[in-house]
1. Is the C-alpha gyration tensor of the range B:190-236 telling us rounded, prolate or oblate? Criteria: a/c under 1.5 is rounded; beyond that, a/b larger than b/c is prolate, otherwise oblate.
2. Where in chain B is the longest stretch that carries no trypsin sites (Lys or Arg not before Pro) classed as loop by DSSP and with at most 16 other Cβ atoms within 10 Å?
3. Taking the Cα centre of the range A:97-188 as the origin and placing charges on Cβ (Lys, Arg +1; Asp, Glu -1), which of A:P182, A:Q115, A:L171 is farthest toward the positive end of the dipole?
4. Along the range A:144-151, what does the Karplus equation 6.51 cos²θ - 1.76 cosθ + 1.60 (θ = phi - 60°) give for ³J(HN,Hα), rounded to whole Hz, x for Gly and Pro?
5. For A:T107, which sequence-distant residues (separation of 5 or more, or a different chain) have an amide H within less than 5 Å of its own amide H, given hydrogens modelled in the peptide plane?
6. Would you kindly derive the ³J(HN,Hα) couplings of the range B:192-202 from the backbone phi angles with the Karplus curve 6.51 cos²θ - 1.76 cosθ + 1.60 (θ = phi - 60°), listing them in order in whole Hz, with x for Gly and Pro?
7. Tell me which residues come under 5 Å, amide H to amide H, from A:T201 once H is placed; ignore anything under 5 positions away on its chain.
8. Trypsin sites (Lys or Arg not before Pro), restricted to the range A:230-286: which are DSSP loop and have at most 15 other Cβ atoms within 10 Å?
Amino acid sequence: MGSHDRGSPVDATRAHAIEVIDLRKTYAGGVVALDGVSFTVAPGEVFALLGPNGAGKSSTVRILATLSAPSAGAAFVDGLDVAARPREVRWRIGYVAQASGVDPTATGRENLTLQGQLYRMPAAALRERIQELLALFELTAAADRAAITWSGGMKRRLDVAMGLVHRPAVLFLDEPTTGLDPESRAVMWDEVRALARQGLTLLLTTHYLEEADQLAQRLAILDGGRVVAEGTPDALKARLRGDRVSVELVDRGRVAAAREVLAGLGEVAAVVADGATLHAQVAHGASALPSLLAALDRAGLAVAQVALHRPSLDDVYLDATGQVYDAEGGGGGAGPASGGGVTRPASGGARAVAGGGGGAGPASGGDVRPPNRREA
Amino acid sequence: MEYAADLWHLFVRLVRASVRMPVFVVISIVQPILWVLLFGQLFRAVAALPGFGAASYVQFLAPGIAIMTALFGAAYSGMGMLADVERGVLDRLLATPVARSALLAARILHAATQVSLQSAIILLVSAAIGARPHGGIPGVALVLLAAALLGAAFGAFSNAVALLTRRQELVIATMNFIVLPATFLSTMMMSGNLVPPWIRTAALFNPVNWAVVAARGGFEGRWHLLPRNLGLLAAFAVAAAWLATASFARYRRAA
């Protein structure tokens, strides 16, 4: 029970902070959460697992955090096999779960203290570390109040601080901004960027395309327990080469006809229908737009709205899975299609501040940026 | 040593959570006092029955209520574990290097400590209304030990049920199903001389009765009652702890 086993030989190459090889997880009852997931994360890298709910993000992180055993495949953290040497892995990682792990009856300081004590930090060093983290996350003023009285954003920051008390080599952030208001999300983004500058290896999961685009150096898109695309956000977008024209019809019942019209045009590489909206992949949006509209007009199809998009991760997802991205899971068709013509995770960020639809997610179109807050 | 430190930190967290609920503290002190006063009055005439074999009913009742308090106080310990599961606290603790068994042991220790304190209050109140601990300080210590062992056993069992079912409703239902029959199939409130023979027989196999007989033996200074009953009780507590440990391992495997 007593030994720390902190300096033992490793099972895999140290070149990777995280290495996941053909990971599979089937839960009791036969639900397949992971169906052969592989990726690697370099030391000091910020890596995002992006995907709708149920894609397998949390299952992957729970296995990496030693909370769940893989059904097949292997996962290594800092070169250590998580299934074979969980105790050693736990010394090296910080884990911030999707559900908050804050004990609401304890104060912020007490939550942090217990965490440090369980990592057997000496009392004086722990006190100092806690002061530092409270200051870093702007929680000093509330530190000695029970966490039950804190706001959601404060609790989430405390969650992250708790994952950092023992200075882990690798930090797992499972949906760090889900449920946060736009302002708290912007604060969290700044914190994540600040951590990244300190050289921490960060694996974060998100179902917000914008968040992955903003924070991650590299990302893997998960869908149905598989990696459907992997790379830097820019590389993934560049691979698409082209723009997307989204056309919302007045008459939803004529989507099939309109789809045929668009698919018949030379400029259009692909068309996907989503409710009353059609997304057409074209090489040059601005030049293709007139002929698209003219063709629809000739066919007697009235257009309610048109939007032109530079490639975004939405399109990467669309390209990889053939479905419009829908953060709530379930793929295309049934999403809460909005006036903009693209199914998005609920709008937020600058848009919500400007009096838009409220909701909880950063907008996924490439045109919206979060409000610029202080630089940490 | 490090295990002891882990256990201590986790135990402190649970104690702190308990004492931060003033209502909980007041109820857990007032309730046993009420039981002593209420049952002491209600059944006062019982001690006068021929063959009851006690100087007064309060004298007879005091160690019994001390054990009853331990039983009721520990039976719902698993609810706290489920609250930790729901709040994500358990996952967070499991992601640290802390010994898995310490997470469970802290809860069992917490249950045992809490019920020992409650039992001590019972004995004080009973003494104030006329009960006399003929076993002296060692006898009182043995009453508290019996309460602690029963509290540990039922605390562990409650956690096992919680980890197996993961439903608060099922913890409540299961423990209710067990606690009252276990109370009445014992000599907690009624002298063994006066209960029907089948209850006397059933009581021989009832861990709650082992605790009651051991506590009464300590309180009255009838030491010969102690080794067998405390031994059985300790064995029961070990078995319950084993069941809780196995349930915890099963819970983690299913994750």
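1. Oblate is the answer for the range B:190-236, as a/c is 1.5 or above yet b/c matches or exceeds a/b.
2. Of all site-free stretches, the longest is B:21-165.
3. The Cα lying farthest towards the positive end belongs to A:Q115.
4. 9, 9, 4, 5, 5, 8, 7, 6
5. It is A:A147, by chain and number.
6. Per-residue couplings from phi come out as x, 5, 10, 8, x, x, 5, 5, 4, 5, 4 Hz.
7. For A:T201, the qualifying residues are A:G44, A:L171.
8. A:R239, A:R241
Here, each number is a calculation from the coordinates, and none is a lab measurement. No experiment lies behind these values; they were computed from the predicted model shown. Cβ atoms come from the backbone with ideal geometry, glycine included; neighbour counts cover every protein chain shown.
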